[in-house]
Amino acid sequence: MIDENVKIHDQFSLEMKVGFVAKQKQKINNFAFNVWMFIPNSLDINRFTYTKDDFYKDLTSHIRLITPAYLLETLADPASSPFCLLEKSFHALVAEPNKNSQLDYENQIKMYLSILKSSLREEVAHVIGSKPDQDRDLLVDSYLMHAEKIVRQYRSLKQIIQVPSVPIELMDYFLFGDEFMSNLVEEYTFRMIAMLELPDPLTCKNKKKSLLSRIQEEKVYKESNGYLVVEKNNHAKNQELVFRLSMLKKYIESNLFLDVKKRKDGVWVEQLLFSVAAGLSMIFATFIAFSFQQKYGSFTVPVFVALVISYMLKDRIKELARYYFAHRLSRRYFDHKIDISTHSHEIGWVRESMDFISEQNVPGEVLEKRGRSPILEANNRAGSESIILYRVLMQLNRESIDANSEFPVAGVNVIFKLNISNFIRKMDNSEFPLYHTDEQESIEIIQGEKIYYLNLILQARDEAMWGYKRYRVVFNRKGIHKIETFK
């Protein structure tokens, strides 16, 4: 199964998060993911102005394991698998503080808190998405109870490692997790309040005091332990806090990110074909030389002229043959092949490629999903859009994933971040004057805003099942305004 989500990452970047879920009973799982980008021709983005290298500079991708899914209620149970493994790693560290036990101790802290983040996110979404008759008051109480229990259980482990055999840097790993956990609970409790206000102001009013109390408790705890907190009128401290939050997030979630090794796809075949191209040009040059020598002798002017011309044509033949083979090769092979592994054990691979294509090579289903308006369809006869096709193939080994994790990992997430700064270089100014008359028939100039649309058609395949989804990015020189979703 493939699950995708497109959202704004920052002012000039959009993010596509694609989840590739490997079936439990199938050893080898194959997936395909295609993105057609329909770009207004007025932006002058084409194969001559925007190369493959430009595209891959603008595209950043991260590959990570899908966080194991646990209910917040399950995670609050001290007999749950994540907490038992975490506690076990603490005792093992104290009993025998060697390299393996230290590594396992650090990894268990990271995994436990990554799972907690996912569980908090899903719990808040469940509370907000619940129907009015499901009594949100009880759901909020349940959230608070389980969150407090999890925090208390994690912090109770500190006494296990407060022994002389545990170095101070290993205690720091625990404290990093503690600070990250406190920030998580504070963040998602704030989200709960903010998201409850609109759909259910009554519940928000009834439970706001309890939710704020939980936030205040964490704030007091952080201050007492020297952790950074938000300060209203202290820009420097808040700047430091933002940096700290980012560093903690990267540290905790680093356990889920996979090792990747990227290389050019089809290198050996490419070199072989280029050698054939060189051989063909050499055959031509040798044939010309032998033919003229046989007719005019070895040291004559015609032979000299023929050798010079054959040498000139030889290079052109070689380059034309290289271009032909490279073009044919790009149809069969991808731009890059990426081997993905965890703990030095390969779990699969990814292939990716990018090409500009003509509309004649776009499947009819994709054009139908594109849904051009009549005026755009009329303009398109003159080529009003450039089309980029970005292709991804992935193969995952279910057995390798299971063998390298103690937790039920569903598969792999690939996070693509595309920076569109290159797309705005030739845009018009966003301000556009509009003329208006009021009731007194006086003329008034109103400033409108010019926008552009980048249409994305996503196509995902899991085995024999294909699915399409359309997104429209609304942007201009000021950046991305919003992303619209079409079913």
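Please treat every number below as a calculation from the coordinates, not as lab data. Because the structure is a prediction, the values reported are computed rather than measured. As a convention, Cβ positions derive from the backbone with ideal geometry for all residues, glycine included, and neighbour counts pool all protein chains shown.
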Among K207, K23, K222, which comes first, second and so on when ranked by fewest other beta-carbon atoms within 10 Å?
K23, K222, K207
Among F356, F20, F243, rank each residue by its count of other Cβ atoms within 10 Å, from fewest to most, as a rough exposure measure.
F243, F356, F20
The long-range amide H neighbours of G371, using H built 1.01 Å from N in the peptide plane and a cut-off of under 5 Å, are none
Amide H proximity to E4 below 5 Å, modelled H, separation 5+ or other chain, gives G19
Per-residue ³J(HN,Hα) for region 222-234, Karplus 6.51 cos²θ - 1.76 cosθ + 1.60, θ = phi - 60°, Hz, x for Gly and Pro:
5, 5, 5, 9, x, 7, 6, 10, 5, 10, 4, 10, 10
Too-long pairs where the Cα-Cα distance tops 27 Å, listed order kept, from K117/K264; K207/K232; K209/K232
K117/K264
Using the Karplus equation 6.51 cos²θ - 1.76 cosθ + 1.60 (θ = phi - 60°), what ³J(HN,Hα) coupling, rounded to whole Hz, does each residue of region 423-429 give in order, writing x for Gly and Pro?
7, 9, 4, 10, 6, 6, 4
Going residue by residue through region 355-368, the Karplus relation 6.51 cos²θ - 1.76 cosθ + 1.60 with θ = phi - 60° gives ³J(HN,Hα) values, rounded to whole Hz and with x marking Gly or Pro, of 8, 7, 10, 7, 5, 5, 9, 8, x, x, 4, 5, 5, 5
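What pairs in K23/K487; K369/K469; K426/K478 have C-alpha atoms more than 18 Å from each other?
Cα-Cα > 18 Å for K23/K487; rest within.
Take D438, D104 and order them by how many other Cβ atoms sit within 10 Å, fewest up front. Before the final figure, lay out the partial values.
Details: D438 8, D104 17.
Starting with the residue having the fewest Cβ neighbours, the order is D438, D104.
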Reachable lysines from K99, criterion Cα separation under 25 angstrom, eight or more residues apart if same chain:
K88, K110, K158, K249, K250
Evaluate the relative contact order of region 72-255 (contact order divided by residue number), counting alpha-carbon pairs under 8 angstrom at least 6 apart; express in whole percent.
27
